[in-house]
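Visitor: Supplied in structure tokens, the structure appears directly below.
The values are calculated or read from the model by the stated rules, or taken from the named source; none is laboratory data. These numbers were taken from a predicted model, which means no experiment stands behind them. Every residue, glycine as well, gets a Cβ built from its backbone with ideal geometry; the counts of neighbours run over all protein chains shown.
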Amino acid sequence: MKLQRHLAREVGGKEYYKWVITIPPKHVEALGWKEGDELESRVNKGSLIIKKADLSKRHPKMTYEEFRDKIAELLKREPQGLNWTEIKKRLNLPQKVPNNLWVRMMENDIGLIRKLDSRTGKVIWRLKEYAKTDEA
């Protein structure tokens, strides 16, 4: 096996790396792993333990329609708007960040407007029907 360091990206002159481990094919076959399987890891007494992720413990996948409807319902109750962290907490959403494609679709489907609040520096999500005319 071999540990490798790869440049992942460079932002503002700073380099960010990711680490890659090459696992022999015979080990992958013996474990019954396939390309694309999700793995999880932990460190225990100086050893790295890698195993196939138990997906049954995760939140069930939400469809776009469910996500859209929950966001719309919440923003109707909160016409002043909310930031993503507040939305995520109130709806108990598992994702750290919203799916960008879904957010763009909601702009058309439910009239979602996102605007930077200069006072707090946070992006506020509102429905177009509740936004002031100068914000639309």
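Visitor: Is one or more of the residues making up segment 49-57 over 26 Å from residue 19 (Cα atoms) and touching a helix residue (DSSP H, G or I) at 6+ places or on another chain (Cβ under 6 Å)?
Guide: no
Visitor: Next up: Tell me, yes or no, whether segment 29-40 has at least one residue that is out of contact with any strand residue (DSSP E or B) (no Cβ under 9 Å at 6 or more places or on another chain), part of a strand (DSSP E or B), modelled with pLDDT of 95 or more and more than 27 Å from residue 102 (Cα to Cα). Write out each step before concluding.
Guide: As a first pass, look at segment 29-40 and keep what is out of contact with any strand residue (DSSP E or B) (no Cβ under 9 Å at 6 or more places or on another chain): 29-30, 34-36.
Next, only the ones that are part of a strand (DSSP E or B) stay: none.
No - not one qualifying residue is present in segment 29-40.
Visitor: Continuing with the same structure: Counting only residues that are loosely packed, with under 10 Cβ neighbours inside 10 Å, of a type in the set (D, E, K, R) and either touching a Phe, Trp or Tyr at 6+ places or on another chain (Cβ under 8 Å) or more than 18 Å from residue 3 (Cβ to Cβ) (or both), how many does segment 32-50 have?
Guide: Residues meeting the conditions: 4.
Visitor: I need the full set of residues from segment 83-107 which are in contact with a helix residue (DSSP H, G or I) (Cβ under 8 Å, 6 or more places away or on another chain), in a helix (DSSP H, G or I) and surrounded by 16 or more Cβ atoms within 10 Å (Cβ to Cβ), in order please.
Guide: Within segment 83-107, 87, 102, 106 qualify.
Visitor: Kindly indicate the residue of segment 95-136 that is among the acidic types (Asp, Glu) and in contact with a Lys or Arg (Cβ under 7 Å, 6 or more places away or on another chain) and also modelled with the lowest pLDDT among those meeting that condition. Please lay out each step first, then the result.
Guide: Just the residues of segment 95-136 that are among the acidic types (Asp, Glu), to begin with: 107, 109, 117, 129, 134-135.
Imposing the further condition that a residue be in contact with a Lys or Arg (Cβ under 7 Å, 6 or more places away or on another chain) reduces the set to 109, 135.
Values: 109: 97, 135: 48.
Result: 135.
Visitor: What are the residues in segment 1-28 that are assigned to a strand (DSSP E or B) and either touching a residue at least 12 places away in the same chain (Cβ under 8 Å) or in the same structural domain as residue 94 (by TED's automatic domain parsing) (or both), if any?
Guide: Our first condition is that a residue be assigned to a strand (DSSP E or B); within segment 1-28, this holds for 2-11, 14-22.
Listed by number, the residues that qualify are 2, 3, 4, 5, 6, 17, 18, 19, 20, 21, 22.
Visitor: For residue 79, are the conditions met, namely being modelled with pLDDT under 90 and either of a type outside the set (S, T, N, Q) or surrounded by 12 or more Cβ atoms within 10 Å (Cβ to Cβ) (or both)? Before you say what the answer is, go through the steps one by one.
Guide: Numbers: modelled with pLDDT under 90: no; either of a type outside the set (S, T, N, Q) or surrounded by 12 or more Cβ atoms within 10 Å (Cβ to Cβ) (or both): yes.
It is false that residue 79 is modelled with pLDDT under 90 and either of a type outside the set (S, T, N, Q) or surrounded by 12 or more Cβ atoms within 10 Å (Cβ to Cβ) (or both).
Visitor: Taking the condition surrounded by 11 or more Cβ atoms within 10 Å (Cβ to Cβ) and among the basic types (Lys, Arg), does residue 114 pass?
Guide: Working: surrounded by 11 or more Cβ atoms within 10 Å (Cβ to Cβ): yes; among the basic types (Lys, Arg): yes.
So residue 114 passes the test.
Visitor: For segment 47-54, check the following and say yes or no: at least one residue is in a loop (DSSP other than H, G, I, E, B) and over 17 Å from the mean Cα position of the chain (by Cα). Talk me through it step by step, then tell me what you get.
Guide: Quick first cut of segment 47-54, residues in a loop (DSSP other than H, G, I, E, B) only: 53-54.
Then keep just the ones that are over 17 Å from the mean Cα position of the chain (by Cα); that gives 53-54.
Taking every residue of segment 47-54 in turn, at least one turns out to be in a loop (DSSP other than H, G, I, E, B) and over 17 Å from the mean Cα position of the chain (by Cα).
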